[in-house]
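The values are calculated or read from the model by the stated rules, or taken from the named source; none is laboratory data. These numbers were taken from a predicted model, which means no experiment stands behind them. Methodologically, a virtual Cβ is constructed for each residue, glycine included, from the backbone with ideal geometry; neighbour enumeration extends over all protein chains shown.
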Amino acid sequence: MKKLCAAVNAADKRSHINREIYGNFSEHLGRCIYNGIYVGENSSIPNTNGVRKDIIEAFKEIRLPVLRWPGGCFADEYHWRDGIGDKEKRPKMVNTHWGGVTEDNSFGTHEFFDMCEEIGCEPYLSANVGSGTVEEMADWIEYITFDGVSPLADERRRNGREKPWKLKYLGIGNENWGCGGNMRPEYYADLYRRYQTYCRNFSGNELYKIASGPNVDDYNWTEKIMGIIGDWHAKAISLHYYTIPSGDFAHKGSAVDFTDEVYYQTISQASRIEKLIDKHSAIMKRYSDNMKLVVDEWGCWFDVEEGTNPGFLYQQNTMRDAMVAAVSLNIFNSRSDVVSMANIAQAVNVLQAVILTEGEKLVKTPTYHIFNMYKTHQDSELVYSFTENFETNGMSAVSQSVSLGKEGMTMTFANISLDEAAHIDCSILGFKAKKAQARILTGEVHTFNDFADGNRIAPSEHTVDITDSGISFDLPACSVVSILLS
């Protein structure tokens, strides 16, 4: 067992960890919305206005702060008027991006906003630039947020919602370099300036406008967007990055059948987000001291499960995914001066989902448990932390982040090594712990939860000793430990 020293200085506060860093993403893709989140009011599955009650409770448990909708690529072919009013009269459409299935629009604006209210999370809309009009986007904002007398506000009232909803986060377009229109950055930036002009702040509602940012390492896109848009017109730009072991979308590999070498490749690819954030933010800072990055699509992307629709992107979720989530969230915490939000892709039944469903059954994935273990980082202050490290497969084995909040000090540690454990002695300055609560998530790296056994991978209590100078604890191989000191 490796013996490592660590240090924390609670007086050295670095940045605020926005709760929205722990956000999720839901798209009209596969079984994320239909037969996932939404089963309809007439379903035998217990529901609130068609949304599964067990999913609402699961989201509440992890304190889901923000949920992005309706896409993704789907957003730039979505026309919001199709999803309001009498469900029997809502027009159907073909979801050309994801499987060519028929979309009946039974889950629309009212269903989404009411669900967010029930959960207690902020709605984050991705609005249509690719195939939509300025008028369409402007009308949607007024329909949602205006409390006065207007044809749109009156229409909302006729559809059953008297008071307007609050909408903070507005993404103006999605992946406009690709599925959102295959645009050049200069063209999109000019479109963005035009569209955002007509997205007004009504009735005390204040929009946090987010521009469609770069794909992975397209630094030219960031440069051009920042030069044309600047922080007069946007609060943030988005960044999309998916973890694929090979780095090649054509050879993604299995979600459950992989070698140790592929596991380490996966962690290495996931860790790449740190350099991407640093390089994009360095460009942004040349133009603005205020603009933020929103990593509103991130997570593992593997081959679909055998026998499932390839357009539905359904994959299993193993302890490997949990390690990716832990390392990624530690990075987002450590870069919280730049990253104002992050949204894992996706919430239910798609890609690195936090929840899987099958009929009445619901499974919380290993990734879900990481979000639950990390939730006390939300709205806390990142403080200085350092851990002596050791190398595994060419990478530093231990990842950590530490924050100070209303509930105390939250410390999260991940050991990516598959065969070497560590014992950590951590000295703490500026905070005297009287009580330590700790949980651990660990297991054989290929293990996953399924509908036969949803508890193969689940957190358990972990031992932490309070010492004269701080704390000490064991960090097993392939494990994540969260500690709450009070």
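Within the set 95, 128, 105, the sole residue that is in the same structural domain as residue 237 (by TED's automatic domain parsing), at pLDDT below 95 and over 30 Å from residue 374 (Cα atoms) turns out to be 95. Any residue at all in region 282-298 that is hydroxyl-bearing (Ser, Thr, Tyr) and more than 20 Å from residue 25 (Cβ to Cβ)? Yes: one or more hits.
Residues of region 167-206 that are part of a loop (DSSP other than H, G, I, E, B), closer than 30 Å to residue 86 by Cα and touching a Ser or Thr at 6+ places or on another chain (Cβ under 7 Å): 167, 173, 174, 180, 202, 203, 205.
Within region 219-230, restricting attention to residues that are out of contact with any Phe, Trp or Tyr (no Cβ under 7 Å at 6 or more places or on another chain) and crowded, with 16+ Cβ neighbours inside 10 Å, which residue is farthest from residue 199 (Cα to Cα)? Going through the qualifying residues, I end up with 223. Kindly indicate whether residue 340 is among the small types (Gly, Ala, Ser), modelled with pLDDT of 95 or more, farther than 21 Å from residue 28 by Cβ and not in a loop (DSSP other than H, G, I, E, B). It is true that residue 340 is among the small types (Gly, Ala, Ser), modelled with pLDDT of 95 or more, farther than 21 Å from residue 28 by Cβ and not in a loop (DSSP other than H, G, I, E, B). The number of residues in region 153-195 that are among the polar types (S, T, N, Q) and surrounded by fewer than 21 Cβ atoms within 10 Å (Cβ to Cβ) comes to 2. Just one of the listed residues (480, 445) is part of a strand (DSSP E or B) and modelled with pLDDT of 95 or more, and it is 480. With respect to (1) at pLDDT below 95; (2) not in a loop (DSSP other than H, G, I, E, B), the lone exception for residue 239 is condition (1). Close contacts from region 312-325, counting a first residue that is in contact (Cβ under 8 Å) with a residue 40 or more places away in the chain and a second that is among the charged types (D, E, K, R), with Cβ to Cβ under 8 Å and a gap of 6+ residues or different chains, come to 312/31; 314/31; 314/305; 315/303; 315/305; 316/305; 316/450; 319/444. Selection of first residues in region 114-136 that are hydroxyl-bearing (Ser, Thr, Tyr) and of second residues that are in a helix (DSSP H, G or I) and at pLDDT 95 or above, restricted to Cβ pairs under 7 Å at least 6 apart or on distinct chains, gives the following pairs, ordered by first then second residue: 126/75; 131/76; 131/77.
Within region 433-486, the set of residues being closer than 30 Å to residue 358 by Cβ, without any contact (Cβ under 8 Å) to a residue 60 or more places away in the chain, surrounded by 13 or more Cβ atoms within 10 Å (Cβ to Cβ) and not aliphatic (A, V, I, L, M) comprises 456 only.
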